[in-house]
Amino acid sequence: MNLSLCTISFRHHLQSMKDIAEWAQSNNFQGIEIWGIHAKHMKDDPHYNSDWLASYNLYTSMLSDYLPLHMSHKELLRATMELSELGHHWGTHKLRTFAGHRASSSLNKQERKSIVAKLKLICQELERENQLLLLETHPNTLTDTVPSTLKLLEEVNHPALKINFDVLHIWESGANPIEALFELKPFIKHFHFKNISSKSKLDVFNPHNVYAAAGSREGMTPLFEGILDYEEFVKTASCMTEVDASLEWFGGNVKEVLEKDAKRIIHLTKEVNRLYVS
């Protein structure tokens, strides 16, 4: 399992990209998932790119952004190509977005059809660039349940469309994450790992709260201290080939938590590898 940290974890910290890369290199990470707004703010400094990151033995595992599916085709294409250029600059072929901003159950057929058409448009453009569009499994989007996600993949029906499998949000939808893992396996290109103390605290991950500097962090837990059994999931996911996973930590004590979780994941994956070798 190739493990990444997310620059979004440092969104409220005074840390340079150099500081983050140096720390990631010395703490068992192979990659960095770059938040779209961070990549956009660095684009005028050519010093920061994929070659620079490689000098730390790191790679960009994914760019995570929010393509404007609610806007016109022209505006959407402009945003898509801007993100595509940033992907090339940072040497990643994986570009993440959300499938709209409303629950799948609240959309009528025409509204869903409109999103499908726009996703097809994006995928056609990205295919020419040898890049992939990853839809994150997330509440209040068309990928908020496993059935809706599978239906959407079938509707778009394009090889450039893949899934960023957010384990906690899959569980939040009522699905068994391991069962969902096997259902979505052909489409999964990335994982987001995070945990919570109880289901009653899930609102802490609502975008209006989690992105706010003064937002609550109550209920956020290190990966192996929450309600979701990540030990079993990591062992199962580790059996998949070329798996990329990001530790998506939004709370405090960023370095302490990421270091601890990364060490535990590495230990578990080594256990799995020993079983396979023996």
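The values are calculated or read from the model by the stated rules, or taken from the named source; none is laboratory data. It should be emphasised that the depicted structure is a prediction, and the values quoted were computed from it without experimental measurement. Here the Cβ positions follow ideal geometry from the backbone for every residue, glycine too, while neighbour counts run over all protein chains shown.
The condition of being farther than 20 Å from S106 by Cβ, assigned to a helix (DSSP H, G or I) and without any contact (Cβ under 8 Å) to a residue 60 or more places away in the chain does not hold for E155.
The residue of the stretch 260-278 that is surrounded by the most Cβ atoms within 10 Å (Cβ to Cβ), among those that are modelled with pLDDT under 85 and of a type in the set (V, I, T), is V272.
H41 fulfils the conditions (1) at pLDDT below 95; (2) more than 26 Å from R264 (Cβ to Cβ); (3) under 17 Å from the mean Cα position of the chain (by Cα) except for a single criterion, (3). For the stretch 44-61, the tally of residues that are part of a loop (DSSP other than H, G, I, E, B) and over 18 Å from R11 (Cβ atoms) stands at 9. Could you tell me which residue of the stretch 94-127 is farthest from S173 (Cα to Cα), considering only residues that are part of a helix (DSSP H, G or I) and of a type in the set (S, T, N, Q)? Among residues in the stretch 94-127 that are part of a helix (DSSP H, G or I) and of a type in the set (S, T, N, Q), the one farthest from S173 (Cα to Cα) is Q124.
Yes/no matrix, rows are residues, columns are (1) of a type in the set (D, E, K, R); (2) buried (at least 22 other Cβ atoms within 10 Å of the Cβ); (3) more than 17 Å from S84 (Cα to Cα); (4) modelled with pLDDT of 95 or more:
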| residue | (1), (2), (3), (4) |
| --- | --- |
| L107 | no, no, yes, yes |
| S114 | no, no, yes, yes |
| E129 | yes, no, no, yes |
| F165 | no, yes, yes, yes |
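Within the set L184, L168, L134, the sole residue that is at negative phi, touching a helix residue (DSSP H, G or I) at 6+ places or on another chain (Cβ under 7 Å) and of a type in the set (A, V, I, L, M) turns out to be L184. Of the candidates S55, S61, S50, the single residue that is closer than 26 Å to N28 by Cβ, of a type in the set (S, T, N, Q) and touching a residue at least 60 places away in the same chain (Cβ under 8 Å) is S61.
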